[in-house]
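Taking it in order: structure first as structure tokens, then the write-up.
The values are calculated or read from the model by the stated rules, or taken from the named source; none is laboratory data. Note that the coordinates shown come from a computational prediction; the quantities given were computed from them, not determined experimentally. Cβ atoms come from the backbone with ideal geometry, glycine included; neighbour counts cover every protein chain shown. Protein only, heavy atoms only, side chains kept; ligands, DNA and RNA dropped before computing areas. Shrake-Rupley method; radii C 1.70, N 1.55, O 1.52, S 1.80 Å.
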Amino acid sequence: MKTPFTGGCMCGAIRYECAAEPLAMGNCHCRDCQRATGTAFAAAVVVPRNAVTITGAVKYYEVIGDSGQSIQRGFCPNCGSRLFGLRATASFLSIMAGSLDDPSEFRPGMDLYVASAQPWDYLNPDLPKFPRFLPPDAFAPMA
């Protein structure tokens, strides 16, 4: 993915720029992401939190994830576009791929929470599949 990359909400009230290469890109099929997106999965780009500059007032909705940790979902309070996902203790955040100015740059590298994937959804057979989240050893460098 070309850096820096940019994006924002539908109405333009919130914009962001990321100056770092993604740590990972993937599709999350957990029920929480299904409810938050209103469809089969959330397509997300995971980046270092300190590499992202956000302008505008993001509103956050907090849930407790399968890990037992708080997860905040950032969205625009004007148009409702979902933009970010973050954990308070993590050094990374996820950016929703559909909010990118050039979403064609998104290249998913994995499917997460496939245990919750909907039977009507097509999962790319070439992508690694994880029944839940990434194994702890794969995720440790991003924590």
Practice problem: Starting from region 95-121, take each residue that is under 24 Å from Asn50 (Cα atoms) and list its partners that are surrounded by fewer than 12 Cβ atoms within 10 Å (Cβ to Cβ) and among the basic types (Lys, Arg), counting only C-beta distances under 9 angstrom and pairs at least six apart or across chains. | Solution: Asp102/Lys2; Glu105/Lys2
Practice problem: State which residue is modelled with the lowest pLDDT when the search covers only region 46-65 and only residues that are open to solvent by less than 40 Å² (accessible area, probe 1.4 Å) and in a loop (DSSP other than H, G, I, E, B). | Solution: Gly65
Self-check item: Index of the failed condition, Ala24 passing every other in (1) touching a residue at least 60 places away in the same chain (Cβ under 8 Å); (2) on the phi > 0 side of the Ramachandran plot; (3) not acidic (Asp, Glu)
Solution: (2)
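Table: residues versus (1) open to solvent by 20 Å² or more (accessible area, probe 1.4 Å); (2) modelled with pLDDT of 95 or more.
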site: Ser67; (1), (2): yes, no
site: Gly74; (1), (2): no, yes
site: Asn78; (1), (2): yes, yes
site: Phe84; (1), (2): no, yes
site: Gly98; (1), (2): yes, yes
site: Gln118; (1), (2): yes, yes
site: Pro135; (1), (2): yes, no
